[in-house]
Amino acid sequence: MSGLLLYPNAVRVLASLATGPRQNNGIFYEIRTYDVKPSKMKEFVELVHKCLHLRTAHSELVGFWTAELGSMNKAVHVWKYDNFAHRTAVRQALANDKEWQGQFISPALPLIEKQHNEVAYLVPWCQLGKPPKEGGVYEWVTFQMKPGGPALWGEAFQAAINAHINTGYTKLIGVFHTEYGLLNTVHVIWWNESPDHRAAGRHRAHEDARVVAAVRDSVRFLESQQNMLLTPLACSPLK
């Protein structure tokens, strides 16, 4: 008999280590990233504006952005699903939607060089937020953490996020932990009034002893990080 069967709590612990803590429901988010051909970015954005309503008729869009800094000719969009059965049904419906296939998919494919997707959950201590007003910019920060999942680095990571929130210069939109894709990846979305407002806030944060201490503790678990400054499309719910 397996030793784990003698300790049912151990089974639950290992399950949490395999996927990481999540919200207490089946809701997840699909993060789709497209690398668009440099000469086709304007055409791609115009096509999205024209046809996105055909896609959002099937499921909920969280946000749609293009990269301004940190990457080029990249589009990022996030979709919300109730569970995996919901996503399967949506994907089947899209495949059978002649308007979507003909008006968007067929003309869009020649404009795109590469596609990438991930499935991620909001971490348990974060609810999806909204900016206080329209017209700002979004910072998308991707952290590659050491293997072991949030059971290893979650507490220190949360403390570092909270330290930045407490400075007041930026608004947290969401913290996502991957389930499919590169594991132990955390995506954090921040909103700022402008790139200059972000730069000034970052300068203050670097001089804040609480932020410095929290970051110093969390980087023990960090492998790498990168960020992008994103501009929301006019059709994006988060804008």
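The values are calculated or read from the model by the stated rules, or taken from the named source; none is laboratory data. Keep in mind it's a predicted model, so treat the numbers as computed, not measured. Glycine gets a Cβ as well: all are built from the backbone with ideal geometry, and neighbour counts include every protein chain shown. Ligands, DNA and RNA are excluded from the accessible area calculation, which covers all protein heavy atoms including side chains. Shrake-Rupley method; radii C 1.70, N 1.55, O 1.52, S 1.80 Å.
Among the protein heavy atoms of segment 28-232, carbon and sulfur supply 52% of the accessible surface, probe 1.4 Å, non-protein parts ignored.
Ligands, DNA and RNA are left out, and with a 1.4 angstrom probe the accessible area of the chain is 53 Å² per residue. Residues whose amide H falls under 5 Å from that of LEU233, counting only those 5 or more places apart or on a different chain, are PHE64, TRP65, THR66, with hydrogens built in the peptide plane. Partner lysines whose Cα lies under 28 Å from the Cα of LYS239, excluding those fewer than 8 positions away in the same chain, are identified as LYS37, LYS40, LYS42, LYS50, LYS74, LYS80, LYS114, LYS130, LYS133, LYS171.
Just read off the accessible area of GLU179 with the full protein assembly in place, 1.4 Å probe, to the nearest 10 Å². Around 40 Å² of this residue is reachable by solvent.
From the protein chains alone at 1.4 Å, what is the descending order of accessible area for LYS40, LYS133, largest first?
So the residues, ranked largest to smallest area, are LYS133, LYS40.
When the charge dipole of segment 97-231 is built from unit charges on Cβ atoms (+1 for Lys and Arg, -1 for Asp and Glu) and taken about the Cα centre, the candidate among HIS203, SER106, LEU172 whose Cα reaches farthest toward its positive end is HIS203. In order along segment 197-209, phi translates into HN-Hα couplings of 4, 4, 4, 5, x, 4, 4, 5, 5, 5, 9, 8, 4 Hz, rounded to whole numbers, per the Karplus curve 6.51 cos²θ - 1.76 cosθ + 1.60 with θ = phi - 60° and x for Gly and Pro. Charging the Cβ of each Asp and Glu at -1 and of each Lys and Arg at +1, and nothing else, the dipole of the chain about its Cα centre rounds to 80 debye.
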